[in-house]
Amino acid sequence: VLAAVYPAVWGLGQLATGPLSDRWGRKHLITAGMLVQAAALALVAVADTFTVWLVAAVLLGAGTAMVYPTLLATIGDVAHPAWRARAVGVYRLWRDGGFAVGALLGGIVADLWGLRAAVWVVAALTALSGIVVAVRMYETHSNNKVSA
């Protein structure tokens with residue numbers, strides 16, 4: 001059940017958050033999504049019951065639904081059609097590279113200090129990413145009705 005809840009919330013959620021980013025803009029959904037993911041990971045780190053893990057899985061899916069389609073839409077906003085495919089490829093290279101680096105970092109931290117510490121490190125890095133987006137990113141969607 002726990003393994004199914006996260007992708008189900010993510011998959012269904014992005015059906016709403018993708019179009020929502022076209023109305024509200026990209027920056028705020030990416031920031032909120034990263035911070036929701038960080039909170040969900042922090043909840044995983046302290047959880048000891050199925051119910052708490054279930055809430056964390058729902059929050060993690062919701063945060064991912066906010067971030068995933070919105071990051072790709074941001075690439076579409078800033079990349080000229082002639083080089084958009086390459087831009088998406090570069091984005092995916094860095095994103096997928098982050099999965100590999102994150103797995104290595106998580107494994108090293110887990111070996112040194114335990115699994116909960118590893119989850120806390122990932123939660124902190126995710127929160128830091130959300131803060132960096134909030135501070136450094138500019139709004140890329142030209143029809144944005146929310147100020148950047």
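The values are calculated or read from the model by the stated rules, or taken from the named source; none is laboratory data. Quick caveat, the model's predicted, so the values are computed rather than measured. FYI the Cβ positions are ideal-geometry reconstructions off the backbone, even for glycines, and counts take in every protein chain you see. The accessibility values were calculated without ligands, DNA or RNA, using every heavy atom of the protein model including side chains. Shrake-Rupley method; radii C 1.70, N 1.55, O 1.52, S 1.80 Å.
Odds and ends about this structure:
- Taken over region 34-60, the criterion of being of a type outside the set (S, T, N, Q) and over 16 Å from the mean Cα position of the chain (by Cα) is satisfied by 45, 46, 47, 48, 50, 52, 53, 54, 55.
- Boolean, residue 87 is loosely packed, with under 14 Cβ neighbours inside 10 Å and over 17 Å from residue 123 (Cα atoms): no
- Pairs, first farther than 10 Å from residue 30 by Cα in region 122-138, second open to solvent by 50 Å² or more (accessible area, probe 1.4 Å), C-beta under 6 Å, six or more apart: 138/148
- Within region 114-128, being under 25 Å from residue 21 (Cα atoms) and open to solvent by less than 50 Å² (accessible area, probe 1.4 Å) holds for 123, 126, 127.
- Contacts under 6 angstrom Cβ, first residue in region 11-23 being within 15 Å of residue 33 (Cβ to Cβ) and modelled with pLDDT under 95, partner among the acidic types (Asp, Glu) and loosely packed, with under 13 Cβ neighbours inside 10 Å, 6 or more apart: none
- Residue check, residue 111 open to solvent by 30 Å² or more (accessible area, probe 1.4 Å), of a type in the set (D, E, K, R) and at pLDDT below 95: no
- Residue within region 57-68 that is of a type in the set (Val, Ile, Thr) and open to solvent by 30 Å² or more (accessible area, probe 1.4 Å) present: yes
- Cβ separations smaller than 8 Å between residues 6+ apart or across chains give the following pairs from region 46-59 residues that are of a type in the set (Gly, Ala, Ser) to residues that are loosely packed, with under 15 Cβ neighbours inside 10 Å: 57/2.
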